[in-house]
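S.K.: Dumping the structure here so I can ask a few things about it.
The values are calculated or read from the model by the stated rules, or taken from the named source; none is laboratory data. Just so you know, these numbers come straight off a predicted model, no measurement behind them. All Cβ positions, glycine included, derive from the backbone under ideal geometry; neighbour counts span all protein chains shown. All accessible areas refer to the heavy atoms of the entire protein, side chains included, with ligands and DNA or RNA removed. Shrake-Rupley method; radii C 1.70, N 1.55, O 1.52, S 1.80 Å.
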Amino acid sequence: MTAITAPAPTTATRPGTIRTRFLWTLQILLGLFFVIASGIPKFVGQADAVRIFDAIGFGDWFMYFTGLVEVAGGIGLLIGRLAGAAAAGLSITMVFAAATQAFVLDAPSYAVFPLVLAAVFAWLAWQRRDRLVALRDRLSR
């Protein structure tokens, strides 16, 4: 008689692995950063945010919109099903932020930080691609 055994879960999907813990720690830290330190100051009209968005020249609506995108992305990083989509969206947002720093605000040295964040978010989105696929499949029904 042969025994039938279920395949062992892979390291990528088994909860509690170092990889999973690292990803969640990174998502939590970045999520809190984007909600508390980046998004909310735009909603409350922090002086630096107002000054920067005045220099961009799109008006206050763009500051509030950017704050909304950052807060939504930060919250999305904290929700398992949305983590991949939030990371992908924040990656694109950071590319635009870097381009704005380099070309609109004429401060290319300030574009490095958003580009590093874009790379981190792209990597996070890749690591959470299974959740992106599941979200896409759920939405296409």
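S.K.: Counting just the residues of segment 86-104 that are open to solvent by 50 Å² or more (accessible area, probe 1.4 Å) and among the β-branched types (Val, Ile, Thr), which one comes out farthest from Leu30 (Cα to Cα)?
M.R.: Looking at residues that are open to solvent by 50 Å² or more (accessible area, probe 1.4 Å) and among the β-branched types (Val, Ile, Thr), I get Val104.
S.K.: Between a residue in segment 125-141 that is of a type in the set (D, E, K, R) and any residue that is open to solvent by 40 Å² or more (accessible area, probe 1.4 Å) and assigned to a helix (DSSP H, G or I), which pairs come within a Cβ distance under 7 Å, given they are 6 or more apart or on different chains?
M.R.: Every condition considered, the pairs that remain are Arg131/Arg81.
S.K.: Pro114 fails exactly one of the following numbered conditions: (1) at pLDDT below 95; (2) open to solvent by less than 50 Å² (accessible area, probe 1.4 Å); (3) part of a helix (DSSP H, G or I). What is the number of that condition?
M.R.: Pro114 satisfies all of (1) at pLDDT below 95; (2) open to solvent by less than 50 Å² (accessible area, probe 1.4 Å); (3) part of a helix (DSSP H, G or I) except (1).
S.K.: Just one of Ala55, Ala49, Ala107 is open to solvent by less than 80 Å² (accessible area, probe 1.4 Å), hydrophobic (A, V, I, L, M, F, W, C) and within 21 Å of the chain's Cα centre (by Cα); which is it?
M.R.: Ala49
S.K.: Which of (1) of a type in the set (A, V, I, L, M); (2) open to solvent by less than 40 Å² (accessible area, probe 1.4 Å); (3) under 30 Å from Asp54 (Cβ atoms) does Ala119 not meet, given it meets every other one?
M.R.: (2)
S.K.: Now for a separate question. Which ones in segment 122-141 are in a helix (DSSP H, G or I) and surrounded by fewer than 17 Cβ atoms within 10 Å (Cβ to Cβ)?
M.R.: Residues satisfying the conditions are Trp123, Trp126, Arg129, Asp130, Val133, Ala134, Leu135, Arg136, Asp137, Arg138, Leu139.
S.K.: Would you mention how many residues in segment 20-45 are among the hydroxyl-bearing types (Ser, Thr, Tyr) and either open to solvent by less than 60 Å² (accessible area, probe 1.4 Å) or in contact with a Ser or Thr (Cβ under 7 Å, 6 or more places away or on another chain) (or both)?
M.R.: 2
S.K.: While we're here: Only one residue in Arg128, Arg138 is at pLDDT below 95 and within 13 Å of the chain's Cα centre (by Cα), so which one is that?
M.R.: Result of the check over Arg128, Arg138: Arg128.
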